[in-house]
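Structure, as structure tokens:
The values are calculated or read from the model by the stated rules, or taken from the named source; none is laboratory data. Note that the structure is a prediction, hence the values are computed from the model and not measured. Don't worry about glycine lacking a Cβ; one is built from the backbone with ideal geometry, like all the others, and counts go over all protein chains shown.
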Amino acid sequence: MRLIRLATCTATTLLAAATAAGCAPQSDGTSDSASSPTTTTSCAPGKLSTQTAGKLTVGTDKPAYAPWFQDDKPANGKGFESAVAYAVAKQLGYAPADVVWQTVPFNNAFSPGVKKFDFDLNQISISDTRRKAVDFSSGYYDVRQAVIAVKGSKAYGAKTVADLKNAKLGAQVGTTSLDVINDTIKPTQTPAVFQKNDFAKSALKNGQVDAIVVDLPTAFYITSAEVTDAKIVGQFDSTGGKTEQFGLVLDKGSKLTSCVSGAVDALRKDGTLAALDKQWLSEAVDAPVLK
Amino acid sequence: MTLDKQELYVPSARRTERERYRRVRTRRATAIAAVSTLVVAVALYAGIVSSPGWQRTRETFLSLDEARTSFPDIMRGLWLNLRLMVICGALAFLFGLLIAVARTLRGPVFFPLRALAAAYTDFFRGLPLIINLLVMIFGVPALRLTGVTTDPIVLGGAALVLTYSAYVAEVVRSGIESVHPSQRSAARSLGLSHWQSLRHVVLPQAVRRVVPPLLNDLVSLQKDTGLVSIGGAIDAVYAAQIVVGKDFNFTPYIVAGLVFVALTIPMTRFTDWVTARMDRRRAQGGTV
């Protein structure tokens, strides 16, 4: 009888330990990357240690908004970010046919779990705080934020930052547009924060907000194609004197980070980024600067 | 006769032995339970801490700096959750009660009311809350009606009341129908009218019987108030998300979750206490 009881206790203990061990997540394969020195990293064209050998997997959100993408089809090479992705791929030695696209919601781009993309581009701004969770490439786009208001709203005639102080403003969550509202404009009313720009645009049309803040190319697209009785009231100078940039997002400690950064730097140097900017973002039209 | 001598109780040898045995068994059981719990806890802790991604998970989900930084915003957002819970909860209860009474009316004259009430509960229990919110918050202002608010908090609150009224109505209806028909018959035989029977006999019993599920609905509503944020309002969860999206750290979600747990535990303990008290009164054959 005592032996049976002892065996039962032992089995229970072993079962608990086995269960805990079984619950431990499998290694994501990149946890040992910190131990390898960066000097041994090679950027052999087409032979990087990507998710799938011989393929470059790129992530972006869905819907993929214009003018960054077109027709919600990242793979068609149209739109600034789609074009940038293919240019980076080419620089790294991957033909367009070897580029694979994945839908990656914003939160998944920076969650600590296993990544299913090599890099993600989704108008994500680089910041030091965010660097604690992900790797960024060099910046591929210098960002300007802008204010859009509908005719008849309180903010429509604004010419200075102070003119916007009493307006009801809106922006998308997780964006530096929201930071501009909170840190630069500092409105008297709490800003409205939306899950998606689609909701922000609806609120703008309905008069539920006086103005919304978005990046400048998105502002041009919205005012020309979507909310046509709205106009760009103005854009902001670089905040805090430092240029805000979008960067490609990679897993923390990814082996590809230096190669991808090198590719972006090369594209900037040879003028490709500027050409794509001119082609897809049509910033020839200027917007007044809010002081 | 020893009248002045006080005789003390002295347990028998058998009783002493029995008490000793029980104490020994109790200590043994307690010790085994403690050791077992300790073993399981250590095994779980070791399993989690030794997992490959633990360091990053700890930094990303359990950062004290992020918790401290996001806490004030989460508490400000929580104030919206609480206001909506109280106001929408009260309104949902009133409307739900009204619908439940309508559904339980007798007689062919009231068939249209019964049908409407049934259609209402079927529709709003079937309609996803998120769709209801989207239609109210973005659809109603699009009608551009004069005098109708465009405030997403008011419109979102209205959507919550519409949806929760349907659930409350079903809960209250089950309470009404759980009152035995003899209660109503007895009241009628004493000369009370239909409405007086309802008011003084049926509803008091019905409501007391459905207090636990009603409080469950209230706890659920407390969390659903956060969905009003779809219109741009900032509740506790959304305040957390704003920081998460800015800093790429998920700790604010943990903070918001713990805040809601801290709120809900007193509510559920209160529910347990109310239920237990009613059970005791019923068991003693107290007043109905």
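Taking the range A:112-135 only, how many residues are over 13 Å from the mean Cα position of the chain (by Cα) and either buried (at least 21 other Cβ atoms within 10 Å of the Cβ) or part of a loop (DSSP other than H, G, I, E, B) (or both)? Number satisfying all stated conditions: 10. Please work out which residue is surrounded by the fewest Cβ atoms within 10 Å (Cβ to Cβ), limiting yourself to the range A:60-109 and to residues that are charged (D, E, K, R) and over 18 Å from the mean Cα position of the chain (by Cα). If we take residues in the range A:60-109 being charged (D, E, K, R) and over 18 Å from the mean Cα position of the chain (by Cα), then A:Asp71 is surrounded by the fewest Cβ atoms within 10 Å (Cβ to Cβ). Residue pairs whose Cβ atoms lie under 6 Å apart, sitting 6 or more positions apart in sequence or on different chains, and linking a residue in the range B:198-211 that is charged (D, E, K, R) to a partner that is modelled with pLDDT of 90 or more, are B:Arg209/B:Gly175; B:Arg209/B:Ser178.
Looking across the range A:173-190 at every residue that is crowded, with 20+ Cβ neighbours inside 10 Å and under 22 Å from A:Phe106 (Cβ atoms), the one that is nearest to the other protein chains (Cβ to nearest Cβ) is identified as A:Gly174.
The set of residues in the range B:198-252 that are buried (at least 19 other Cβ atoms within 10 Å of the Cβ), over 21 Å from A:Leu169 (Cβ atoms) and hydroxyl-bearing (Ser, Thr, Tyr) comprises B:Thr225, B:Thr251. Close Cβ contacts (under 8 Å, 6 or more residues apart or on different chains) running from residues in the range B:131-154 that are in contact (Cβ under 8 Å) with a residue 12 or more places away in the chain and under 13 Å from A:Val209 (Cβ atoms) to residues that are among the polar types (S, T, N, Q) and surrounded by 13 or more Cβ atoms within 10 Å (Cβ to Cβ) comprise B:Phe138/A:Ser202; B:Phe138/A:Asn206; B:Pro141/A:Asn206; B:Pro141/A:Gln208; B:Pro141/B:Thr150; B:Pro152/A:Gln208.
Among the residues of the range B:222-249, those that are over 23 Å from the mean Cα position of the chain (by Cα), closer than 21 Å to B:Ala67 by Cα and at the interface with chain A (Cβ under 7 Å from one of its Cβ atoms) comprise B:Gln241, B:Ile242, B:Gly245, B:Lys246, B:Asp247, B:Phe248, B:Asn249.
When you go through A:Val209, A:Val213 one by one, which is the residue that is closer than 23 Å to A:Tyr65 by Cβ, within 14 Å of chain B (Cβ to nearest Cβ), touching a residue at least 24 places away in the same chain (Cβ under 8 Å) and in a loop (DSSP other than H, G, I, E, B)? Among A:Val209, A:Val213, only A:Val209 is closer than 23 Å to A:Tyr65 by Cβ, within 14 Å of chain B (Cβ to nearest Cβ), touching a residue at least 24 places away in the same chain (Cβ under 8 Å) and in a loop (DSSP other than H, G, I, E, B). Could you tell me whether any residue of the range A:191-202 is closer than 23 Å to B:Phe248 by Cα, more than 21 Å from the chain's Cα centre (by Cα) and buried (at least 17 other Cβ atoms within 10 Å of the Cβ)? Yes. For the range A:122-166, the set of residues classified as more than 14 Å from chain B (Cβ to nearest Cβ) and more than 23 Å from A:Phe236 (Cα to Cα) consists of A:Ser137 only. Output yes when any residue across the range A:246-265 is of a type in the set (Val, Ile, Thr), part of a strand (DSSP E or B) and either within 14 Å of chain B (Cβ to nearest Cβ) or crowded, with 16+ Cβ neighbours inside 10 Å (or both), and no when none is. Among the residues of the range A:246-265, at least one is of a type in the set (Val, Ile, Thr), part of a strand (DSSP E or B) and either within 14 Å of chain B (Cβ to nearest Cβ) or crowded, with 16+ Cβ neighbours inside 10 Å (or both), which makes the answer yes.
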